[in-house]
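Asker: Structure incoming, see below.
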Amino acid sequence: MPRASRSGGSGARGRREDVWIEIPIRGTCSPDLATVAEEFRRNFTDRGEVGAACCVIRDGEVVVDLWGGWADAERTRRWEADSLVDFYSVGKALAATLVLRSVIDAGLSVDTPLAELWPEFAAEGKGWVTVRHALSHQAAVPAIRERLSDDDLFDWSAMTAALAATRPWWSAGERHAYHTNTFGHLTGEIVRRLTGQMPGDALRRVADDLDADVWYGVPLGQQDRCVDVIWDAPLRDLPDPWSVTGDVRMNLLASFNPPGYSSVGIVNTPRWRAAGFPSTGGHGSARGVAHFYAGLLDEGRVLPRDLLAEATRPQSVGPCPILGDDVAFGLGFTPTSPRRPMGTNPRSFGHFGTGGAVGFADPDAGIAFGYVMNHVIPRWQSTRNRALIDTLYAVL
């Protein structure tokens, strides 16, 4: 493979509709990690990648910084070095970081009841819910019960009021369930109540200090850097959430109440990109994600060491009715696991996003890793990010 450089592409070729096209891949890579660059190229030629970027920081030094492919389904715009893309649930770890910092600054703890800082949340018997429950998907509000519209979706006060008023889906200590979308309004409102700042403003304070190009709400003046998210598979026919009961209703409402809560049909619009929902609407570059995690590894810079250790340990373990699997949740972070490994070391932590994006840190190897892409493939298993991570660790 010709070595990639900032001034030219690798000349990788891929097949699309039986026509050979050049795939522009650019960037830099440490010579000892050349196999990572090769796997990045193979993601395009062999695994269907459309546009993507990967950044690896080792002991504070950028050793992989690659980007390539296309910013749209028609392959008319190139993915650039500073392209931004919706990285979905990768943003949950960023939101958790903001919550933890806010709690510390307020002199509180993760076991503080939400009702102490958000009294309305105690409605319908939810006074038992703590910050720890909120961060570890045990807060019993993975879905909002009130019927909402997409106009409500873009009204922060309407969304948080509906969330606070929701009757819990289970009792204290009974179970956990991934708060796919409500996690963003839940954690974002904690930050707002404690700091007076919307989560996007709070993120800017941290991200600017870390030189991390990550956003909750991309300003209109910077949206020309955004690439399109590409969904190949149409949504299958789903039942009306209001015609079913139990976990089936909870699952449907978690994703589609409001109808656009998961970004379906609106992900590439200026309104979605500017809104910055902390759960699924965060945008960034691979560089930005990697720099954020490198900041977490810089002891005490973002979070105290003991609090980060607590946040990245399993807090709740067991079957999840939303994800359909046994999972372990930390405090907004996902600990590495055999099912979804983040390298080979047991203290690694981070978060995956729908379609395959991932950010993680490995304290033992001194690695901060960011990978973002625009072609959404099944959320639980991505051959593309797995190839990059496995190859990286094979040569470390």
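Asker: Would you mind computing Rg(Cα) / (2.2 N^0.38 Å) for the chain, counting N as its residues?
Answerer: Working it through for the chain, the quotient is 0.95.
Asker: Evaluate the distance, in nm, between pseudo-label points positioned 7 Å from the Cα of Asp82 and of Leu323 along their respective Cα→Cβ axes.
Answerer: Those two pseudo-labels are separated by 3.5 nm.
Asker: From the residues Val227, Ala275, Thr166, which one has its Cα farthest along the dipole of the range 91-275 in the positive direction, the dipole being from +1 and -1 charges on Cβ of Lys/Arg and Asp/Glu about the Cα centre?
Answerer: Result: Thr166.
Asker: Using label points projected 7 Å from each Cα along Cα→Cβ, tell me how many nm separate Asp209 and Thr269, to one decimal.
Answerer: 3.6 nm
Asker: Another question, if that's okay. Can you list the equivalent-ellipsoid semi-axes of the range 91-275, largest first and in whole Å, using the square root of 5 times each Cα gyration tensor eigenvalue?
Answerer: With the √(5λ) rule applied to the range 91-275, the semi-axes are 25, 25, 13 Å.
Asker: Related question: Just report the Cα centroid separation between the range 124-168 and the range 234-277, whole Å.
Answerer: Rounded to whole Å, the Cα centres lie 15 Å apart.
Asker: Express in nm, to one decimal, how much length is gained between Ala34 and Ala123 on full extension, taking 0.36 nm for each residue of separation and deducting their alpha carbon distance.
Answerer: 26.5 nm
Asker: Any idea how far apart Asp111 and Thr245 come out in nm if each label point goes 7 Å out from Cα toward Cβ?
Answerer: Distance between label points: 3.8 nm.
Asker: Still on this structure, please answer the following. State to the nearest 20 debye the size of the charge dipole of the chain about its Cα centre, where the only charges are +1 on K and R beta carbons and -1 on D and E beta carbons.
Answerer: 400 debye
Asker: Still on this structure: Hey, got a sec? Which GluC sites (Glu not before Pro) in the range 43-132 land in a DSSP loop and have at most 14 other Cβ atoms within 10 Å?
Answerer: Glu74
Asker: In whole angstrom, note down how far apart the Cα centers of the range 171-228 and the range 318-351 are.
Answerer: 20 Å
Asker: Where does the charge balance sit around Gln197 when Lys and Arg score +1, Asp and Glu -1, over other residues with C-beta under 14 Å from its C-beta?
Answerer: That works out to +1.
Asker: Would you please name the trypsin sites (Lys or Arg not before Pro) within the range 170-236 that are DSSP coil residues with at most 12 other C-beta atoms within 10 Å of their C-beta?
Answerer: Arg236
Asker: If you don't mind, another one. Starting at the first residue of the range 346-360, write each ³J(HN,Hα) from the Karplus equation 6.51 cos²θ - 1.76 cosθ + 1.60 with θ = phi - 60°, in whole Hz, x for Gly and Pro.
Answerer: Couplings: x, 9, 5, 8, x, 6, 8, x, 3, x, x, 4, 7, x, 7 Hz.
Asker: What is the sum of charges, Lys and Arg at +1 and Asp and Glu at -1, for the other residues whose Cβ falls under 11 Å from the Cβ of Trp156?
Answerer: -2
A short reminder: the numbers here are calculations on the coordinates, not readings from a lab. Note that the coordinates shown come from a computational prediction; the quantities given were computed from them, not determined experimentally. Every residue, glycine as well, gets a Cβ built from its backbone with ideal geometry; the counts of neighbours run over all protein chains shown.
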